[in-house]
Each structure stands twice: as structure tokens, then as C-alpha cells.
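Working notes for the structure below.
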Amino acid sequence: MRCVVCGLPVEPDGRYPLCAGCAGPLLDEALVSAGLAPPSGRASARCPVCGKAAISEIGPCMRCRTAGFRFDSALPLLRYSGNARAALLSYKAGRTSLASFFAGALAAALSERFAGRTVVPVPPRPGKIRRDGWDQVERVAGILERRHGIVVARVLRRAGGPQQKSLGLEARAANMRGAVSLRRGAEAPLEPVLLDDVMTTGATLSACADALKAAGTARVDALVIAAD
């Protein structure tokens with residue numbers, strides 16, 4: 001087995017296709033983001049809403065000041081670039097064993113930042129599982145549930161529509177407006193943590209938070225593997 005990032009052989013007892021030289025820095029970055037390890041250099045400021053790096057900002061970043069997001073905060077563990085992007089693209093392409101690596105980092109962040117709270121996975125687009133055979137977010141959620149003892153509530157459903165990645169900023173927000181709702185008979189957790197793989201504009205997370213708050217949820221935070 002070879003590393004999906006650098007192509008070097010993975011250690012014989014490796015559980016996922018990442019060598020130690022690539023997995024280590026990714027895990028270190030995730031732990032720093034979660035507050036489980038001190039930054040090695042000067043820490044960059046983060047927007048308290050979307051969690052992305054902020055440059056010369058005090059408080060929410062410029063976009064979050066006007067975006068009207070319905071989630072209360074978002075915490076991305078990685079920047080969607082370089083090795084993190086390569087690993088996530090490989091995961092999305094079918095290297096499902098990477099789910100255990102991402103789940104480990106997410107479990108540590110949940111324990112540190114959102115202890116005891118229920119995780120709500122972002123629902124897939126209709127037909128995704130039938131077309132692809134699996135869902136990246138659900139695969140990670142299942143591992144969090146089975147191996148890490150995290151309570152997971154699959155209470156959201158999503159309507160059809162164009163794929164978000166094919167749309168611009170404003171179109172993404174419009175496409176997701178009203179597209180997520182609570183499943184019939186489901187009960188929204190009081191303070192859930194939304195789970196997603198990649199956050200780009202925040203429109204999908206906001207639509208999920210809106211559905212949860214409409215059902216009586218008091219606060220919605222989000223935890224994502226990476227932010228673009």
C-alpha cells in the first residue's frame with residue numbers, strides 16, 4: 001500500500017493509505033485547531049463564526065458579518081489545500097479506509113470542544129448513495145459511533161437540486177434555501193454538532209442549522225474535516 005499524498009510505501013501495519021510523514025503533520029494541524037496542542041509558530045486569528053483564518057480581523061470576518069449563517073460556529077480541523085486536499089480527494093474517490101484517520105481526529109476534537117453533544121451528519125443529496133454506493137460523511141459518522149462512542153442522530157433529509165460545487169457563492173445559498181428538513185418523526189437534539197467533510201461557502205451547514213433551529217434546537221455548532 002502506498003501513501004495517497006506522497007506515493008511512498010506505507011508502514012506494513014498501516015491502517016490507512018497515509019505514511020507517517022504525511023499523516024503526522026495532518027494530525028498535528030487538526031489537534032492544534034481543536035485546541036489539543038499548542039501551535040508550533042505564530043497562531044493566525046480565526047473567525048469565531050466560520051472558523052477560517054482571518055487576516056487583520058477583529059470578530060467575525062467580513063463575509064460572516066453579512067452572510068446571516070444560521071449555525072452559531074464552525075470548526076474546521078484542516079485547511080483544504082496541499083496534503084489535506086490530496087487526502088480528502090482520495091477519500092472522496094473511494095479510498096474509504098481514510099475514514100478511520102479522519103474519524104480519529106474528529107473524535108479528539110469532539111471530546112475537547114463539544115463533549116457529550118450529539119453529532120448530526122449533513123445529509124447527502126438524493127440519489128448519491130445509489131449512484132456512488134456510499135456517503136463520505138456517513139462513513140465517518142458510523143466510525144465515530146461504533147469506535148469512539150459518539151452519539152449520532154441522523155435526523156435530517158435533503159431535497160434534490162443542482163450540486164453545490166457547480167454553483168457560485170450566491171447561487172449556493174439560494175440552492176440550499178429550504179432544501180434541508182427534519183425527517184418525519186425525528187426529534188432535533190437540543191445542542192447538536194453538525195458534521196461535514198468540507199466547508200466552502202457555509203451554505204449547506206447553514207441550511208442544516210436552519211432546519212434544526214426551526215425544530216426547536218437551541219444552538220448549532222459545526223465540525224468539519226476541512227474548510228476551503
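The values are calculated or read from the model by the stated rules, or taken from the named source; none is laboratory data. Remember, predicted model here, so these are calculated numbers, not experimental data. For neighbour counting, all protein chains shown are included, and Cβ atoms are generated from backbone atoms with ideal geometry for every residue, glycine included. Side chains included, ligands, DNA and RNA excluded: accessible areas come from the protein's heavy atoms. Shrake-Rupley method; radii C 1.70, N 1.55, O 1.52, S 1.80 Å.
At the residue level, LYS92 shows approximately 70 square angstrom of accessible surface with a 1.4 angstrom probe and all protein chains present.
Residue-wise HN-Hα couplings along region 136-151, as the Karplus relation 6.51 cos²θ - 1.76 cosθ + 1.60 with θ = phi - 60° gives them from phi, are 4, 5, 5, 4, 5, 4, x, 5, 4, 6, 7, 9, 10, x, 7, 6 Hz; Gly and Pro carry x. Within the chain, how many Lys pairs sit with Cα atoms under 24 Å apart, leaving out pairs fewer than 8 places apart on the same chain? Within the chain, the lysine pair count is 6.
Ordered from highest to lowest accessible area with the whole protein assembly present and a 1.4 Å probe, ARG130, ARG219 read as ARG130, ARG219.
Length available on full extension from ALA115 to ALA214: 0.36 nm per residue minus the Cα-Cα distance, which gives 33.3 nm. Close amide H partners of LEU156, meaning residues 5 or more places away or on another chain with modelled amide H under 5 Å apart, are ARG183. Computed with every protein chain present, the accessible area of SER111 is close to 80 Å² [probe 1.4 Å]. Dipole magnitude for the chain: about 680 debye, using +1 per Lys or Arg Cβ and -1 per Asp or Glu Cβ, origin at the Cα centre. With all protein chains in place and ligands, DNA and RNA left out, the 1.4 Å accessible area ranks VAL32, VAL151 as VAL151, VAL32, largest first. Entry note, region 32-103: relative contact order of 24 percent, from Cα contacts under 8 Å with a spacing of 6+ residues. With a cut-off of 15 Å on the backbone N, the residues of region 123-151 near the modelled label site 7 Å out from ALA159 along Cα-Cβ are 125-126.
Legend: residues TYR91, TYR16, sorted from most to least accessible area (1.4 Å probe; ligands, DNA and RNA excluded), read TYR16, TYR91.
Across the alpha-carbon atoms of region 58-132, the computed radius of gyration and Dmax are 15.4, 45 angstrom. Under a 5 Å amide H to amide H cut-off, with H placed in plane at 1.01 Å, what residues pair with LEU78 once short-range neighbours are removed? Under 5 Å from the amide H of LEU78 lie the amide H atoms of ALA226, ALA227, each far enough along the sequence or on another chain. Summary value for the chain: 22 percent relative contact order, contacts being C-alpha pairs under 8 angstrom separated by 6+ residues. Restricting the calculation to Cα atoms, the chain shows an Rg/Rh of 0.95 when the hydrodynamic-style radius is the Kirkwood one. With the convex hull constructed from alpha-carbon coordinates only, region 110-158 shows a mean projected area of 3.6 nm² over all directions. Measuring with a 1.4 angstrom probe and ignoring ligands and nucleic acids, MET62 comes out at about 120 Å² accessible.
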